[in-house]
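I have placed the structure first, in the form of structure tokens, so that the comments after it can refer back to it.
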Amino acid sequence: MSSFLNRLAKIALSATVAFTALGSQLASALEEGDKAPDFSLQASDGKTYTLSEFVGVKPVVIAFFPKAFTGG
């Protein structure tokens, strides 16, 4: 019974950590109309671009394709 309670305590601790991490992610999520934070991304041309380079210059569209061209 002791090993069962030990496993249950570990699961409860893991769940608490996971919910805490998820809660902080949800709290920092952007809503429609929020200003995007400055960030940098590497583009398909190999160059790294920063959002602040384009503020007030041109619109920015980010297209993200998970696992694109990865064979997965």
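The values are calculated or read from the model by the stated rules, or taken from the named source; none is laboratory data. This one's a predicted model, so the numbers in the text were calculated from it and none came from an experiment. We place every Cβ from the backbone using ideal geometry, glycine too, and count neighbours over all the protein chains shown.
How many of the residues in region 5-38 are at pLDDT 65 or above and either in contact with a strand residue (DSSP E or B) (Cβ under 6 Å, 6 or more places away or on another chain) or among the small types (G, A, S) (or both)? Residues flagged as at pLDDT 65 or above and either in contact with a strand residue (DSSP E or B) (Cβ under 6 Å, 6 or more places away or on another chain) or among the small types (G, A, S) (or both) within region 5-38 amount to 8. In region 42-60, the residues that are in a loop (DSSP other than H, G, I, E, B) never reach a residue that is exposed (fewer than 10 other Cβ atoms within 10 Å of the Cβ) and at pLDDT 85 or above with C-beta atoms less than 6 angstrom apart, at least six apart or across chains. Does S44 satisfy being at pLDDT 75 or above, in contact with a strand residue (DSSP E or B) (Cβ under 8 Å, 6 or more places away or on another chain) and not hydrophobic (A, V, I, L, M, F, W, C)? In short, no.
Yes or no: region 50-67 includes at least one residue that is surrounded by 10 or more Cβ atoms within 10 Å (Cβ to Cβ) and touching a strand residue (DSSP E or B) at 6+ places or on another chain (Cβ under 6 Å). Checked against the condition, which is being surrounded by 10 or more Cβ atoms within 10 Å (Cβ to Cβ) and touching a strand residue (DSSP E or B) at 6+ places or on another chain (Cβ under 6 Å), region 50-67 yields at least one hit.
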